[in-house]
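The values are calculated or read from the model by the stated rules, or taken from the named source; none is laboratory data. Keep in mind the model is a prediction, meaning the values are calculated, not measured. Cβ: placed from backbone, ideal geometry, glycine included. Neighbour counts: every protein chain shown. Please note that ligands, DNA and RNA were not included when accessible areas were found on the heavy atoms of the full protein model with its side chains. Shrake-Rupley method; radii C 1.70, N 1.55, O 1.52, S 1.80 Å.
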Amino acid sequence: MPEIHLNRRGINSIEVPKEVEVTVGSDLVLDLINHGSPLHITLASTNSSAFTGFFHENLYVNGTEEFHIPIKEDAPPGFFTLQVVTGYGTRRQEFRVVVRGRPEPAPEPRGTPAQATELAPSRGLHYSLSILILVIAAVVLYGLWVVYRADLLNAAAFVALLLGVILAWLRRRS
């Protein structure tokens, strides 16, 4: 949790980190620590709309306070600048908030590695042969339809070609 120190080095002094990181869909939690008399501060950001609904907030800090800035679930990776203002605008400090995407979960293995390498080529070959046979059957049936003009041959050619397309689609998905 990033700490922002107020009044530690003098009246209305502000100490902020150079940069903080936050992940998409989480909250940026700021720990505001006032070392002196209670004061009003302003937190503001003019370039954060892609990452959060936060724009501007006036706070009264007496001691230690927590302030949450929610980061959008669909925020892109990037950064925005957050300003801390005290003394009715006489003192300003800003820092960069870097928004990181969620790490991608590692894919779960299907069976043992030996099983995966043994099954994958045979299944791929099976799909390829099935698709090839269906396409050849569709071409032969269509050729027979051209010669004999039997609508049943045309329908059978269409069904064979449709099954080939479905098998090709299933092969791409797996």
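Note the angle between two axes, namely the Cα long axis of helix 113-148 and the longest principal axis of the Cα atoms of the chain, as a number of degrees from 0 to 90, rounded to the nearest 10.
Roughly 50 degrees between the two axes.
Pop a pseudo-label 7 angstrom from the Cα along the beta-carbon direction at both ASN47 and GLN93 and give the gap in nm to one decimal.
2.0
Relative to the present Cα-Cα distance, how much length would full extension add between VAL147 and THR64 at 0.36 nm per residue of separation?
Length gained between VAL147 and THR64: 21.0 nm.
In square nanometres and to one decimal, what's the mean projected area of the convex hull around the Cα atoms of the chain?
About 17.4 nm², averaged over all directions.
Suppose we flag trypsin sites (Lys or Arg not before Pro) only when DSSP calls them loop and at most 10 other Cβ atoms lie within 10 Å. Which is the longest uninterrupted stretch of the chain?
Between the exposed loop sites, the longest stretch runs 19-109.
Find which of VAL24, SER45, THR81 sits farthest along the positive direction of the dipole of the chain, computed with +1 on the beta-carbon of Lys and Arg, -1 on that of Asp and Glu, about the Cα centre.
VAL24
Return one whole number: the accessible area per residue of the chain in Å², for a 1.4 Å probe.
Spelled out: the 1.4 Å probe surface of the chain, per residue, equals 67 Å².
Magnitude of the Cβ-charge dipole of the chain, K/R +1 and D/E -1, about the Cα centre, nearest 20 debye?
680
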